[in-house]
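The structure under discussion appears below in the form of structure tokens.
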Amino acid sequence: MSKILIVEDEIKIARFLELELKHEGYDVIIAGDGRTGLEKALNEKIDLIILDIMLPGISGIEVCRRIRQESMVPIIMLTAKDDVTDKVAGLDMGADDYMTKPFAIEELLARIRVALNRKNYMSDKKVETLQVGDLKLNLSSRTVFYKEDEIILTKKEFELLEHLMKNRNVVLTREQLLNNVWDYEYFGDTNVVDVYIRYLRQKIDEKYGIHLISTVRGVGYIIKD
Ligand code: CA
């Protein structure tokens, strides 16, 4: 069941939407102001947000902007009047769609279905990212970033880092790394692991002055959170 968050301070509208959406089979939660809406949007598992622009405290536009820094959850904005500036601002902040009040509930329901379908389509091919501290490894684009800085790695360096990050907080022996990252052409030659660990340290630890990859003497290597 899709869960929809309604961020709307006008209780009558919020209640009306809640009844209609529940009737359609959606799970519904309501936030009466921007701050609560933002908190729920970021901390609960929400499939779609209906976000009023005119809210007390943090405006809907600002709520939308902050959600977009963390999440691509579909957002349909509600504008109180036919205000082009509000619409443009909402869409600029990453809203997927908007409705002008008063609206026909059938139209909103149709737009919700479209947004949810698009979301499901997108999440089928969602990007998978591994992250440790400020280091992010994207498995689909095969890119690595430290903060905003892209780190260019060779294929083997990438695979070694990927394996260490997937097993973060676990000590991996040289043999385990060799078996999982290299083909059997290197069978038994764990020196190659040390060499590539050194390359990674040059490109990440030394370059950014951080301590990402630790040596566990006599055992192997580990990346810790
Ligand atoms: Ca309002």
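The values are calculated or read from the model by the stated rules, or taken from the named source; none is laboratory data. Treat the numbers as computed from the prediction; the structure is a model and nothing was measured. Using ideal geometry, Cβ is built from the backbone for each residue, glycine included, and neighbour counts are taken over all protein chains shown. Side chains are part of the model used for accessible areas, which takes the heavy atoms of the whole protein and leaves out ligands, DNA and RNA. Shrake-Rupley method; radii C 1.70, N 1.55, O 1.52, S 1.80 Å.
Looking only at region 73-122, how many residues end up being outside any loop (DSSP other than H, G, I, E, B) and without any contact (Cβ under 8 Å) to a residue 24 or more places away in the chain?
Residues in region 73-122 being outside any loop (DSSP other than H, G, I, E, B) and without any contact (Cβ under 8 Å) to a residue 24 or more places away in the chain: 18 in total.
Identify the residue in region 58-72 that is touching a residue at least 40 places away in the same chain (Cβ under 8 Å) and open to solvent by less than 90 Å² (accessible area, probe 1.4 Å) and, among all such residues, is farthest from the ligand (Cβ to nearest atom).
Val63
Quick check, is Thr79 open to solvent by 20 Å² or more (accessible area, probe 1.4 Å) and among the hydroxyl-bearing types (Ser, Thr, Tyr)?
Judged against the criteria, Thr79 is not a match.
Counting only residues that are within 10 Å of the ligand (Cβ to nearest atom) and open to solvent by 50 Å² or more (accessible area, probe 1.4 Å), which one in region 35-57 is nearest to Ala80 (Cα to Cα)?
Met54
Yes/no matrix, rows are residues, columns are (1) more than 20 Å from Asn117 (Cβ to Cβ); (2) among the basic types (Lys, Arg); (3) touching a Ser or Thr at 6+ places or on another chain (Cβ under 9 Å); (4) modelled with pLDDT of 95 or more:
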| site | (1), (2), (3), (4) |
| --- | --- |
| Ile29 | yes, no, no, yes |
| Glu39 | yes, no, no, no |
| Leu42 | yes, no, yes, no |
| Leu48 | no, no, yes, yes |
| Gln69 | yes, no, no, no |
| Val73 | no, no, no, no |
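Could you count how many residues in region 1-16 are open to solvent by less than 30 Å² (accessible area, probe 1.4 Å) and free of Cβ contacts under 8 Å to residues at least 60 places away in the same chain?
So the count comes out to 4.
Go through region 17-34 and give me each residue that's over 15 Å from Met54 (Cβ atoms) and either more than 13 Å from the ligand (Cβ to nearest atom) or in contact with a Gly (Cβ under 6 Å, 6 or more places away or on another chain) (or both).
If the condition is that a residue be over 15 Å from Met54 (Cβ atoms) and either more than 13 Å from the ligand (Cβ to nearest atom) or in contact with a Gly (Cβ under 6 Å, 6 or more places away or on another chain) (or both), then Glu18, Leu19, Glu20, Leu21, Lys22, His23, Glu24, Gly25, Tyr26, Asp27, Val28, Ile29 are the ones that fit.
List the pairs whose first member sits in region 195-206 and is without any contact (Cβ under 8 Å) to a residue 12 or more places away in the chain, whose second member is among the hydrophobic types (A, V, I, L, M, F, W, C) and open to solvent by less than 50 Å² (accessible area, probe 1.4 Å), and whose Cβ atoms are under 9 Å apart, counting only residues at least 6 apart or on separate chains?
Asp205/Leu212; Asp205/Ile213
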